[in-house]
Amino acid sequence: MPIQVLMPALSPTMEKGNLAKWLKKEGETIKSGDVIAEIETDKATMEVEATDEGTLGKILIPEGTADVAVNTPIATILADGESAADLAKAPAAPVPQPKAAEAAPAEAKAEAPQPAAKAPAAPATEPLPDPEIPAGTEMVTQTIREALRDAMAEEMRRDGDVFIMGEEVAEYQGAYKVTQGLLQEFGARRVIDTPITEHGFAGVGVGAAMAGLKPIVEFMTFNFAMQAIDQIINSAAKTLYMSGGQMGCSIVFRGPNGAAARVAAQHSQDYAAWYSQIPGLKVIAPYSAADYKGLLKAAIRDPNPVIFLENEVLYGHTGEVPKLADFVVPIGKARIARAGKDVTIVSWAMGMSYALKAADELAKEGIEAEVVDLRTIRPMDTETIINSVKKTGRAVTVEEGWQQSGVGSEVAARIMEHAFDYLDAPVARVSGKDVPMPYAANLEKLALPSVAEVVAAAKAVSYR
Amino acid sequence: MAAPKKSVAKESGQEKAGSPPEFTKEQELKALRDMLLIRRFEEKAGQLYGMGAIGGFCHLYIGQEAVVVGMQMALKPGDEVITGYRDHGHMLACDMEARGVMAELTGRRGGYSRGKGGSMHMFSKEKHFYGGHGIVGAQVSLGTGLAFANRYRGNDNVSVTYFGDGAANQGQVYESFNMAELWKLPVIYVIENNRYAMGTSVSRASAQQDFSKRGASFNIPGKQVDGMDVRAVKAAADEAVAWCRGGNGPMILEMQTYRYRGHSMSDPAKYRTREEVEKVRHDQDPIEQVRNRLLAAGASEQDLKAIDAEVREIVNEAADFAQHDPEPDPAELYTDIYR
Ligand SMILES: Cc1ncc(C[n+]2csc(CCOP(=O)(O)OP(=O)(O)O)c2C)c(N)n1
Ligand SMILES: [Mg+2]
């Protein structure tokens, strides 16, 4: 029977792609392994290889077609002895979908990590204007990936001591394409591919920073920074103190942090709490595209070691970034992302996507949530949190990381210390479950926090 | 078992000493079958990934089949195997069941890790397969530890520790080398040099590109092996196994091999030309080599087709199982954290 070739998914996050080019014609013989077509996604151009032998029967999707959904039949392959007349028989090749998945709690990952393709990171409700951005400033729509690249490029133009090093940052243009174009603009002296030696190159970066350079060290993901964490903490964070203030290091460690999609326990950890414990480090975990840009620029200029935690799922999201010659967001300042009077929701990074959606849900039920985006985890903007809690009397924290000794626990402790008399209910913490990240789709959903959990927590502290 | 003469094992570097010892017909047939099983399994995994039935990262082993198959032919039950995330081939070579591996790829309860590990994290105590590790280089210390346990217990098992040309630059590799030689641990370090670590070619990442010499400063003997010729792999493996079982400490085998597909499914592979891939496929394909030898020795197309059919049947059955087996019970979320 003729075999249907389906539009393949080429990455964990791909939903559709453009059929750029057919490399085989109808009637041509195909061997397993032959490249038959080229597909473009937002990240790259990829080749489609045949896995079956035969003759290319019919091209169902002509080249140049944009936005072809994954699993759409794009061509048929005829086996030996079959002719075009057999084409009608080609089966629809259904993909059986797991049963248990349907039984899994309604949302979880469905709203949050739906990557790349659609949905700007902006919530349904208009976000509050950022006090950092002068009224009337022209805004440009950018992906977070582009905002990060622009931040680095601007700082590298401004200061010849700034350079970037890491795995695949130069020729490959970044494992997640964040450093796209930097090698072309700044050359191999300042955009440096390293071997896979995290402990080594992190130490090299710290040493170079001690000598006065300003490295940006990219970790392909922060999971791999665990190889390097000794240099980050023992060398980068503590040297200024140990040298009685003589020798500091201005260095940024950046890369994707936390869960992506289905990459399992060793590739899905959130390190915000780990680094936030260390005196001498600053820790930034932005959510909006503008903050990604303005805070990365601030991090590069900061004379201290800064941990800059990004999120792979957000890289493809778009947001409004001010068109200013030099847009820098101060480190250590939280932002009220949404104003409200009934309950305070404190979050940061990916947690904000749950928090903002939950606030929309709560509004429908007459609960006005105030959402505080911490943006910087250390130094933490206690004042903004406390002012909000004094107003609402109730608080919920939201994070994808684990609960024990988590950032939410720290927020809760500060609220207790500084606003105990204002609290009408104990602070509630919504977090990732207390398990390593499982691979199975249904378990992964359960392991992450959900909008429903945030809504439930906000209602619980409101006694509703 | 007698150790090979030190002088033989000691020499590092290219050994272009003609073709390796011939296989018997049975060996050729077994090698063909085992390599085909891996090839067909990986092709199917690639398809299922394209259909969205497999998620996350999926690193295929296509092109490198001769390495694990040849190594495995020299091992005995009880020898341990450990590797990184490009692990499907290693598991099949260790005689783990195709359906259990495939069901793990789709994240179902019948998978080797009951759906909790995925492509990069599978294990089988029964088959002495110790994973399945996602952190580049981590398996090298772990594999050295397996060898430590063998030495501690005084058994004659050997730990076969696989890692890539990229992983060979991690610091813990050298910390492990030192301990392994210092304590004479029975570990074979199999460096699968497929010329690239993600998008970085060996020449762009490695000061010493002859990986067989990577143990030189610790006095660990090493050999470069044609990893596309299963007979050469088996011969080198025999020598290394004898060396390790003989109590002489570790040995390094650099397997010169090639991966045909991208690093993972989402790698556009712009760092090498299509011609480069085509050339290796055409001139050196490990499966074609065996097929051609078998045909030249008088095997019929029919016989070889029968092997392919048998293998396809196993793979199709595995894929079918992997797509219909239910996902793990939600209660599994909280199991296996402690015991
Ligand atoms: C410590 C660490 N750093 C980086 C990565 C990301 N990564 C995964 S595979 C890989 C390339 C490894 O190449 P190589 O060792 O040659 O093995 P191959 O993929 O070629 O089999 C990289 C950089 C990782 N998983 N762990
Ligand atoms: Mg490699």
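The values are calculated or read from the model by the stated rules, or taken from the named source; none is laboratory data. All of these numbers come straight from a predicted model, not from anything done at the bench. A quick note on method: Cβ atoms are made from the backbone with ideal geometry, for glycine too, and the neighbour counts reach across all protein chains shown. In case anyone asks, the SASA skips ligands and DNA or RNA and just uses the protein heavy atoms, side chains included. Shrake-Rupley method; radii C 1.70, N 1.55, O 1.52, S 1.80 Å.
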### the protein assembly as shown pair-distance distribution - Cα-Cα, 20 Å bins, rounded %
15, 46, 32, 7, 0
### Summary
Over 29 Å (Cα to Cα) among A:Lys364/A:Lys433; B:Lys127/B:Lys223; A:Lys323/A:Lys433 -> A:Lys323/A:Lys433
### Task
Determine the shape class of the range B:25-147: with a ≥ b ≥ c the square roots of the Cα gyration tensor eigenvalues, call it rounded for a/c under 1.5, and otherwise prolate if a/b is greater than b/c, oblate otherwise.
oblate
## Note on the structure
One checks the Cα atoms of chain A and finds Rg and Dmax, in Å, of 24.5, 84
### Message
Suppose R0 equals 35 Å. What FRET efficiency, 1/(1 + (r/R0)^6) with r the Cβ-Cβ distance, do B:Glu301 and B:Lys76 give to the nearest 0.05?
### Response
0.55
### Task
Would you mind computing, in nm to one decimal, how far apart the modelled labels at B:Ala207 and A:Ala69 are, each placed 7 Å from Cα along Cα→Cβ?
5.5
### Query
Counting alpha carbon pairs within less than 8 Å and at least 6 residues apart, what relative contact order, in whole percent, applies to the range A:226-289?
27
## Note on the structure
A chain fully extended from B:Ser217 to B:Leu182 at 0.36 nm per residue, minus the present Cα-Cα distance, gains in nm 11.4 nm
#### Entry: Candidate aspartates and glutamates - alpha carbon under 17 Å from A:Lys238, same-chain residues fewer than 8 apart omitted
A:Asp230, A:Asp302
### Task
Quote to one decimal, in nm, the extra length available between B:Asp238 and B:Glu313 on full extension: 0.36 nm per residue of separation minus the C-alpha distance between them.
23.8 nm
### Query
Given only helices, namely DSSP H runs of n ≥ 4 each adding -39500 (n - 2.57), what is the per-residue ellipticity at 222 nm of chain A, to the nearest 500 deg cm²/dmol?
-7000 deg cm²/dmol
### Query
What trypsin sites (Lys or Arg not before Pro) does the range A:136-245 have in DSSP loop regions with at most 13 other beta carbons within 10 Å?
A:Arg189
## Note on the structure
In cubic angstrom per residue, the convex hull of the range B:213-339 built on its Cα atoms measures 253
### Mean Cα-pair separation over length for chain B, i.e. relative contact order, pairs under 8 Å, 6 or more apart, %
25
### Task
Amide H neighbours of A:Ile30 under 5 Å, at least 5 residues apart or on other chains, H built in the peptide plane: list them.
A:Gly54, A:Thr55, A:Leu56
### Query
Which listed residue (A:Leu362, A:Thr344, A:Val372) has the Cα farthest towards the positive end of the charge dipole for the range A:337-381, taking +1 on Lys and Arg C-beta and -1 on Asp and Glu C-beta about the Cα centre?
A:Val372
### Message
I need to check one value: relative contact order of chain A, counting alpha carbon pairs closer than 8 Å and at least 6 residues apart, in percent.
### Response
14
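How big is chain B by the Kirkwood estimate over distinct Cα pairs, in Å?
Averaging 1/r across every pair of different Cα atoms and inverting gives 20.3 Å.
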### Message
Along each principal axis of its Cα atoms, how long is the range A:284-364 end to end? Whole angstroms, biggest number first, please.
### Response
43, 25, 24
### Query
Given labels modelled 7 Å from the Cα in the Cβ direction, how far is it in nm from A:Ala413 to A:Glu365?
3.1
### Task
Would you kindly give the portion of the calculated P(r) for the range A:138-218 that falls above 16 Å, as a percent of all Cα pairs?
50
### Query
Cross-link partners among aspartates and glutamates for A:Lys21, C-alpha distance below 17 Å, same-chain residues fewer than 8 apart left out?
A:Asp34, A:Glu38, A:Glu40, A:Asp42, A:Glu47, A:Glu49, A:Glu63, A:Asp67
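Please report the carbon-and-sulfur percent of the accessible area for the protein assembly as shown; probe 1.4 Å, protein heavy atoms only, DNA, RNA and ligands left out.
Carbon-and-sulfur percentage of accessible area, whole number: 53.
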### Task
Whole Å is fine, so just give me how far the alpha carbon centre of the range B:212-269 lies from that of the range B:292-316.
28
### Query
So how far, in whole Å, is the C-alpha centre of the range B:80-156 from the one of the range B:174-195?
18
### Message
Cut-off under 16 Å on the C-alpha distance; same-chain residues fewer than 8 positions from B:Lys25 excluded. Which aspartates and glutamates are left, in chain and number order?
### Response
B:Asp34, B:Asp229, B:Glu288, B:Glu301, B:Asp303
### Query
In nanometres, what is the gap between the two model label sites at A:Lys391 and A:Ser405, each 7 Å from Cα along Cα-to-Cβ?
3.4
### Query
Once fully extended, how much extra length lies between A:Glu40 and A:Glu138, figured as 0.36 nm per residue of separation less the alpha-carbon to alpha-carbon distance?
32.2 nm
### Message
For the range A:375-390 and the range A:137-155, what is the centre-to-centre distance using only Cα atoms, to the nearest Å?
### Response
26
